Structures are given as C-alpha cells and as structure tokens.
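Computed from the coordinates by the stated procedures, all read-outs in this text should not be read as laboratory data. Predicted, not measured: the structure shown is a model, and the values here were computed from it. Every residue, glycine among them, receives a Cβ derived from its backbone with ideal geometry; neighbour counts consider all protein chains shown.
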Amino acid sequence: MSSVIQLNSISIKNETNCGYCNRAKSNKLWVTSGFYCYKMKVDEYQQLLDRGWRRCGVYYYKPSLSQSCCQAYALRVVASKFQMRITHEKVLKRIRRIQPINIDQGNVPLQKEQKEKIQNDSFTDLIKQKIQTDLDLSDLIILPKVGQHYTFKSIQYKEEEHIKYFKSIIMKSLSKITELQLKQIFDIQNENHSNLLYQTFINSISDLQIYEILLIKGYSNKVESDWVFGCNLIPYFYSKFTIIFKNLNLQIQKLEESNKYIELIQNNLQNLDFEFKISDQDHQILIKTPQTLKEKILKSTILSLLQKQDLQSNQPQEKKQKQYHQITIKWVKAQFQEDSFEVYKKYQKSVHDKERVSKMSYINFVCVDALDSQELGCWHMKYYLENQLIAVGVVDLLPQSVSSVYFFYDPNYKKYSLGVYGVLQEIEYVQKKQVINPSLQYYYMGFYIMDSKKMAYKAEYTPCELLCPRTYRWITFTLQIKEKIESITQYAQDVRLADERDKEHGYSINLDGSTIDDMNFQGIDIENFIQQTVKISQTGKQFTISQLKKNYQQYFMNLFQDFLKKVGKGLMKEFLFAVN
C-alpha cells in the first residue's frame, strides 16, 4: 500500500520567525511548504530526503528559500569514510571521564552536607515495619546515614533485574511453539517454506534484547495504570513473517485479521508466573506485576542497599581509585516514556528558555512512529549513565540511511558535549550495520546553513555531501562549493527564477552536473502525466482528476503541478492523495 497524503494539506505554507539568523539579514521569515502523512513508507521517505525534504512528526516540509531568510542545503555524511577530527576525539576522551550527578527530587545536585541524618534505632524500626515477615531480618544491618535518594535509584535498578526475569520466561514459553502449529496457522503446504518460517520464528525469539520489555507505568493513554510492563513482540514476529511471505510470493493476512496467530501466542503465555494480556490497540503484550512480587522488589532493594552501604562504611579508609563510568544505549521504538519527557522538559527550559512544555506537543514532535515499518522507522536512542537517563537521540532508520531527527540531553551534563557524542554514536551505528547491509551508506543530518552557528557545524563531519537544489545531485562539500554558495543569491534556489538569475549574474547557479531524470520535466506533458498517474481517494474509492467536476479540475491540476516539481515523478506515481 502507498503512503497516504492528506490532499488538503499539500497547499499549506508555514511561516515562522527565522531561528537560524546570526544577525538581522532581512525582515523575511523562515517559510516552508509541506503536507501531512500519518504513515509514510520508509523507502518513499528515503526518496523525499533525496529531494530536500525533512519531517517534524507527521508533517513533511521543504524550505521555500526564495521567501526565506536563510539558505539551507540538505546535508549527509558518507559514514563508511567518516574521518574523526581532533575535536571529536577530545569529546570521546571527556565522555570516558564522565561522572554521575546525583540529583534530588527538586532536580538540584544533591550535596553531601544536605543528606538527612537518621538515628540508627528509629530508622531500623521503620524499615522492619515495612519488611515484616516475608524476609529473614536476623542479619539486617542498617546505617544511620541512608537517604531516600539511594533507595529510589536502587528500586529502578531492581526493576531492570525483574525485566530480565520476565524476558527469560517469555522466551522459554514461546520456544515451545512447534513448526506444525505455525504451518497450520498460516496454511503452508510446502515443507521448505514451513521450515523457513519456523527457523525465522526461533531466531527472532533471541532478538528479544532488541525489543526491550519497557516500564510503561503511568502511560495511561494506552494502558491501564496497573499494567506496569509491555513487550512489542507480536508485531515484531509478524513483520518477519510478512517479509518471508512477500519473498515467496505468498499471501498473508494483516496482523489485525490474524486471530489464530494471536491466540497461539496467548495460549503459550498462560503458564507464566504473572498476569498478562494482549492489547487490542497495538497487540502489545502487557504484564501486570503481582502484588507479592512488587513487595519483594521493594524489600530486596532496601536490604541490598543497606548491606552494601554498611560494607562500604566499615572498610578501612584508603585512597580511592578514580572510577570511570560507561554510557549504555537502549533502543526503543518511538513512543512516550516519562523519563524521556522529564529530560526533554529540562532541556527546553535550559537551552531554549521554555518554562512550559506540553505533553501533547512533545508526543507530536518526537513520539509519533510516523514511518510504516516495524524494524525500521522512528526510534529513540536512550543514553543511560548508571541507570540514569542523560540524553535521547531521535532517529529514523531507513533502507539506505539513518536520518537524525532530534537530540536532547540533561543540562546537568552540558560540559560533556553530549550532542557531539550523539552524532558520533549515530554514525558508528551506520558503520556497524553496513557489515550486514552494504546498501546502508549515509547519515542524514538535516540542513546546512552557512551563516548560522546552529547549523554550520554539520560540515565538520566529513566527508559530507550537499544536495544541489537545482539538479538534485549529491555533491561532495569542498572549499570550492562553499565559495560558490557564498556567491549565490537567496533567490538562486527558486527553480522558477533560476534561468533568469543565471543570465543576470553571468554564471550557472547549479552546484554541479545536470538535473537527475526524476526531477527533469523537459519534454513531458505535465498535465497528461498528472491525469495518468495521480490517485485520489475518498471513502475507500479511488478516482482521477478527470472525474472531478470541471470547476475543480483546474484547481487540482495547478496544485499537483507545483507538488510534482517538489517531489518528482516517482513519488507522484506512488503516493495516494486522500480527501478528508
């Protein structure tokens, strides 16, 4: 199925104050034209990137630079040939010395002298009241100087231990599913096909570490508050099956229609030691932690914490060796999570001076999984330092590239240059994946704007390429290209004025080469092309412009002519335009 474009949105023009200017170059605004698409195919978005488009949530936009203040060129890094600079190496060296910053509930670094001093006897009695008979308290040793901060961190750590426990049980249970069961559910006659499907299923079970079981408590928009954990395995397995069926030219139902497959998973999860259910909305396995298990988490946390602190305090005072800490990255499919939102709010307040950030604006910006793919699409790279979230990178994984969408971090770690570190990690991800997927070549960084400090830094990641806005060819960024950009007026990127400006200035404003075939419309009957290729949909029915009333035909013809020149012939054939 093609990507569905909201027809009434492709004429939308968005004007905002230019946030890229270092000085008041003009009184013009930053202007974009765009459209809305709620589920874009990843290969079609890859083509849009190569036509100079970007996305913000489900809004896809392209700068209208003849009307904008700044000139922006799409930029990508050739990841396999990336050359690290001395400044990048310095950032990595700084990261190796990173130290956790203890923060209290008011988000203020917790100083030692501010820790609450608790009397030994009263604190012991308080803990024993909470832990009553479930555990043996005979060896319990309690320190007088343990504050709530340590207890909170330790509970988070123990939750991760129990996530591993849930994961191991699910993997063990699903491993009992047989080849015969899968063969019957999907009605496969060929034994080789059956064996291939079964081997894919077994191999995918081991991939559970990719699809983390997530803590979703408090995410009340999708699940009840007492269902604490969630796992996105069912759609993940089904996406693997879909690829196999496609390669074998076989038919497969949509996940929503495959009741037997969902029932098979349900039946094999009935023996778990905890309650579960499968969400009707997104087929996520939801896990409810039993009350007894919740109590054990709390009790074991307090015990291990107190014993650990006691051992540390009773050891002889020796010169402490410098301890180095590591940042770990967890990949999560784009979705709302409370810890990420808290970091985002702090980042917006500190970096952009925004006192209030609404939850809905955050979700619409970086939490919407706008691209139609289970394995690829929009992901969050969550950077943890000793189980404390310190940064989040939002990326789009595409067939031939990784596109950086946004990056935000905890301002308390500003001195470590986490933004640079995030770019290096995303480039490294592309390099590692190239080993098994040679077609994955590029890292897209968005727009390069020479006169803006916020955007010019991107050219420091070399070798990089700029997209020529006239020819739509990727050109290696060199000093000569930079000098040529400096000589081009702000009108140069308006195709309608290009030839006129060429004559006026006496030189070609192309960065290099001739226009690629997909964006070359010379010798083409554009009206006939649109009549033949554009697909319009309303209430499930498709029709062409010629079927519209005559007073609407010319309006839509003009609309599609302008849109065609922005996206190219290939995408116009693929897109389906929906009438609301």
- Report the calculated FRET efficiency for Q554 and D518 (r = Cβ-Cβ distance, R0 = 35 Å), to the nearest 0.05. 0.85
- Cα centroid separation - region 529-580 against region 417-455, whole Å: 35 Å
- Message: For the pair E386/L248, report the inter-label distance in nm, with labels modelled 7 Å from Cα in the Cβ direction.
- Response: 5.2 nm
- Note on the structure: Given a Förster distance of 35 Å, the FRET efficiency implied by the Cβ-Cβ spacing of E179 and Q99, rounded to the nearest 0.05, works out to 0.10
- Please report how far the C-alpha centroid of region 48-80 lies from that of region 334-405, rounded to the nearest whole angstrom. 20 Å
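Quick one: length gained pulling Q538 to S168 fully straight, 0.36 nm per residue minus the C-alpha distance? Don't skip to the answer; put the middle values down first.
Working: separation 370, 0.36 × 370 = 133.20 nm, distance 4.71 nm.
Here the answer is 128.5 nm.
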- The exposure ranking of Y384, Y416, Y443, fewest beta-carbon neighbours within 10 Å first, is Y384, Y416, Y443
- Task: Would you please give the FRET efficiency between V579 and M84, computed as 1/(1 + (r/R0)^6) with r the Cβ-Cβ distance and R0 = 41 Å, to the nearest 0.05?
- Result: 0.25
- Query: Arranged by the count of other C-beta atoms within 10 angstrom, fewest first, what order do R54, R76, R94, R85 take?
  - Reply: R85, R94, R54, R76
